[in-house]
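The values are calculated or read from the model by the stated rules, or taken from the named source; none is laboratory data. Not measured: the values here are computed from a predicted model. Glycine gets a Cβ as well: all are built from the backbone with ideal geometry, and neighbour counts include every protein chain shown.
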């Protein structure tokens, strides 16, 4: 259960990081921010029974307004402190069983209970993690100071207008796979409508990560000796990239261009036949 606890804390951190990303995207109060808030909050309204009261409480009223912006700003400010606390718990859980190793084999212990064949956390891991943090901060600073708008959407420079819906609503790039899952469900199953099914599928794609330690029952934890596991991991990466591409594309993009080409060819054939008969 010790390593499973590390994984669960990591999953909680991942889930908590999504929320500030959503709420921070609302703060500019542009067209994409406003309608992104509309989509995000309406997901809660899809919950039967309790969804509508929670939706009104979260928005601060029946519709998105300044009260919604103030609530999202407060949550965006407070939630990082919660994330910092979970990070501390994650590091504490990591120190109990120790870090993993490329072989996936548990280190042996001497009669006194001390682990052998291991290295101390400091300075080995602190230097390694410190180097990774510095590299991340350099890339982050490059975006902040030199490329602040490269990942943004042009419509978000338009002031929010609840009377004008953008032609294509898209979230930030890191939410595109979840957005693709959400809008992929277009059918009802019995009394469950498509909107609720999309919400269940989207949050289910995150919830399943918490069960992976129990789904993987192999005694060998390292992928170095598990070629099938590496192939599955590759499939997960490819699926994530494809979902991101689908989330950024128009719902009819894969169909309309092909239909247009076929339509144009049919028109040309028809015109050719008409000219020949003439």
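Observations on the structure shown:
- Out of 242, 196, 215, one residue alone is within 30 Å of residue 40 (Cβ to Cβ) and surrounded by 14 or more Cβ atoms within 10 Å (Cβ to Cβ). It is 196.
- Among the residues making up the range 118-161, those that are within 21 Å of residue 173 (Cβ to Cβ), touching a residue at least 24 places away in the same chain (Cβ under 8 Å) and outside any helix (DSSP H, G or I) are 153, 158, 160.
- Verdict on residue 170 being part of a loop (DSSP other than H, G, I, E, B), crowded, with 17+ Cβ neighbours inside 10 Å and either at pLDDT below 85 or more than 19 Å from the chain's Cα centre (by Cα) (or both): yes
- Condition broken by residue 81, with the remaining ones in (1) in contact (Cβ under 8 Å) with a residue 24 or more places away in the chain; (2) surrounded by fewer than 13 Cβ atoms within 10 Å (Cβ to Cβ) satisfied: (1)
- Filtering the range 1-45 to residues that are in a loop (DSSP other than H, G, I, E, B) and surrounded by 18 or more Cβ atoms within 10 Å (Cβ to Cβ) leaves nothing.
- Of the candidates 181, 158, the single residue that is under 21 Å from residue 37 (Cα atoms), modelled with pLDDT under 90 and either surrounded by 13 or more Cβ atoms within 10 Å (Cβ to Cβ) or more than 19 Å from the chain's Cα centre (by Cα) (or both) is 158.
- Scanning the range 9-42 for residues that are more than 24 Å from residue 198 (Cα to Cα) and touching a residue at least 60 places away in the same chain (Cβ under 8 Å) returns 9, 10, 28, 29, 30.
- If you filter the range 48-74 down to residues that are exposed (fewer than 15 other Cβ atoms within 10 Å of the Cβ) and either touching a strand residue (DSSP E or B) at 6+ places or on another chain (Cβ under 6 Å) or in contact (Cβ under 8 Å) with a residue 12 or more places away in the chain (or both), you find that the one that is nearest to residue 199 (Cα to Cα) is 48.
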